[in-house]
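Participant: I have a structure I would like to understand better, so I am pasting it below and will then ask my questions one at a time.
The values are calculated or read from the model by the stated rules, or taken from the named source; none is laboratory data. Quick caveat: nothing in here was measured; it's all calculated off a predicted structure. Here the Cβ positions follow ideal geometry from the backbone for every residue, glycine too, while neighbour counts run over all protein chains shown. All accessible areas refer to the heavy atoms of the entire protein, side chains included, with ligands and DNA or RNA removed. Shrake-Rupley method; radii C 1.70, N 1.55, O 1.52, S 1.80 Å.
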Amino acid sequence: MAGLATLLAASPDVHACFSERFQSWARGTEPNTCARNEALTAFEMGAPIEDLVVAIARSEHFAVRTSTAP
């Protein structure tokens with residue numbers, strides 16, 4: 001099992017997927033391309049998860065929400 005965790009931690013695809021899913025949870029909506037790229041840039045491979053949390057919280061996309069018509 002430890003080998004699987006190491007493989008997953010080293011995967012850029014897993015890294016991007018985690019970042020996107022965490023953003024969706026934190027914002028309550030799917031991240032747009034700009035927000036996704038900003039978080040991925042701040043949350044580099046091997047960085048602690050706290051870096052992702054800070055990047056999302058500091059982003060304009062987190063602080064400013066636009067309404068969508070039903």
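Participant: Just for segment 46-62: of the residues that are open to solvent by 80 Å² or more (accessible area, probe 1.4 Å) and under 12 Å from the mean Cα position of the chain (by Cα), which one is modelled with the highest pLDDT?
Facilitator: Ranking the candidates gives Glu50 first.
Participant: Output the residue which, of all residues in segment 11-45 that are more than 21 Å from His61 (Cα to Cα) and open to solvent by 70 Å² or more (accessible area, probe 1.4 Å), is modelled with the lowest pLDDT.
Facilitator: Residue satisfying both the conditions and the ranking: Met45.
Participant: Got a sec? Which helices (runs of 4 or more DSSP H) wholly within segment 8-63 have at least 3 residues that are touching a residue at least 24 places away in the same chain (Cβ under 8 Å)? If you could, list the steps in order and put the result at the bottom.
Facilitator: Numbers: elements: 12-27, 33-42, 49-58, 60-63.
Because the criterion is at least 3 residues that are touching a residue at least 24 places away in the same chain (Cβ under 8 Å), the helices (runs of 4 or more DSSP H) in segment 8-63 that meet it are 12-27, 33-42, 49-58.
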